[in-house]
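Chemist: First, the structure itself, so that you have it in front of you.
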Amino acid sequence: GLGDGVGFSKVAYKRLPLTHFAWVASCVCVLFTIIISSHLILKHLEFYQNPSTQKYVVRILFMAPLYAVDSLLALTFVGWMTTYIDVFRDCYEAFTIYNFLKLLVVMLGGESTVVD
């Protein structure tokens, strides 16, 4: 066969499709992303001392777990459902870019300073 002489026939992972390993790895990465992002978001909300910039930072930080969950759902639901999930992700991506630009404007001193 294909694995004769190479040792592939004795490898245990041949029993499970590669998609299962990709899905498990995606679940682990999504879990870490949600934990780390949640920690950062909660710390920003706990020490909410500069609301003019931190509200934008918190909105931007929500992008990482959203992308992670979107990727996991794309692996789980192949087909028409991923189209709707991707539309939501793309809308939030546009919202995140808007918030990043607003953050830059605020950090540069406001709209009047940026225009001048």
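Chemist: Within the range 57-64, is there a residue that is surrounded by 12 or more Cβ atoms within 10 Å (Cβ to Cβ) and farther than 22 Å from Val106 by Cα? Show your work before the answer.
Modeler: Just the residues of the range 57-64 that are surrounded by 12 or more Cβ atoms within 10 Å (Cβ to Cβ), to begin with: 57-64.
Now drop any that are not farther than 22 Å from Val106 by Cα, which leaves 64.
Yes; the residues of the range 57-64 include at least one that is surrounded by 12 or more Cβ atoms within 10 Å (Cβ to Cβ) and farther than 22 Å from Val106 by Cα.
Chemist: Here's something else I'd like to know. Being aromatic (Phe, Trp, Tyr) and either exposed (fewer than 14 other Cβ atoms within 10 Å of the Cβ) or within 11 Å of the chain's Cα centre (by Cα) (or both) is the filter here, so list the residues in the range 24-56 that pass it.
Modeler: Residues satisfying the conditions are Phe32, Phe47, Tyr48.
Chemist: For the range 74-83, give me the residue count where each residue is open to solvent by less than 50 Å² (accessible area, probe 1.4 Å), assigned to a helix (DSSP H, G or I) and not hydrophobic (A, V, I, L, M, F, W, C).
Modeler: The number of residues fulfilling the criteria is 1.
Chemist: Ok, one more. Restricted to the range 84-106, and to residues that are farther than 12 Å from Phe62 by Cα and touching a Leu at 6+ places or on another chain (Cβ under 9 Å), which residue is least open to solvent (accessible area, probe 1.4 Å)?
Modeler: Ile85
The values are calculated or read from the model by the stated rules, or taken from the named source; none is laboratory data. The structure presented is a predicted model; accordingly, all values stated were derived computationally and were not measured. Positions of Cβ are generated from backbone atoms using ideal geometry, with glycine treated the same way; all protein chains shown enter the neighbour counts. When the accessible area is computed, the model is the full protein with side chains, heavy atoms only, and any ligands, DNA or RNA have been set aside. Shrake-Rupley method; radii C 1.70, N 1.55, O 1.52, S 1.80 Å.
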